[in-house]
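Below is one structure, written out as structure tokens; the observations come after it.
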Amino acid sequence: HYSSEKFRQEIFVEYPELQQQDPTWEILYREKQSNMERMLKEDTVGLMPGVKALLTKLQDANIKHVVVTHSPLSLISVVKAQHEVLQNIPHWITRQD
């Protein structure tokens, strides 16, 4: 659960020439997001143990629940499409929000 800022700092320490090419991080960040989305689409993301059972109980009992994440909506949409139980979560707050 590292922040994107920590990741950026570590990449620039490991590869300082990248910072000279793109000190704003925008190009690398877009490439990282694109590769993440591609990898998520190539393989199903597993749910943590117990998540499906918990979400099913919340939904069956009509208990309000929400997901708040720093992930972008584009990645969340890919993962949600892989698991029906996630599609039933009524509220999602993502990075764009």
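List of remarks:
- Checking each residue in segment 42-83 for being open to solvent by 90 Å² or more (accessible area, probe 1.4 Å), over 28 Å from Arg30 (Cα atoms) and not in a loop (DSSP other than H, G, I, E, B) picks out Lys52, Leu54, Lys57, Asp60.
- Summed over segment 60-83, the residues that are in contact (Cβ under 8 Å) with a residue 24 or more places away in the chain and under 14 Å from Lys41 (Cα atoms) give a count of 6.
- In the set Glu17, Glu5, Glu10, only one residue is surrounded by 10 or more Cβ atoms within 10 Å (Cβ to Cβ), acidic (Asp, Glu) and not in a strand (DSSP E or B); that residue is Glu10.
- Residues located in segment 20-41, provided they are surrounded by 15 or more Cβ atoms within 10 Å (Cβ to Cβ) and either over 21 Å from Ile76 (Cα atoms) or touching an Asp or Glu at 6+ places or on another chain (Cβ under 7 Å) (or both): Trp25, Leu28
- Verdict on Ile89 being part of a loop (DSSP other than H, G, I, E, B), open to solvent by less than 60 Å² (accessible area, probe 1.4 Å), of a type in the set (A, V, I, L, M) and at pLDDT 95 or above: yes
The values are calculated or read from the model by the stated rules, or taken from the named source; none is laboratory data. The shown structure was predicted, so the numbers you read here are calculated from the model rather than taken from an experiment. Methodologically, a virtual Cβ is constructed for each residue, glycine included, from the backbone with ideal geometry; neighbour enumeration extends over all protein chains shown. For the accessible areas, the whole protein counts, side chains as well, though only heavy atoms, and no ligand, DNA or RNA atoms are used. Shrake-Rupley method; radii C 1.70, N 1.55, O 1.52, S 1.80 Å.
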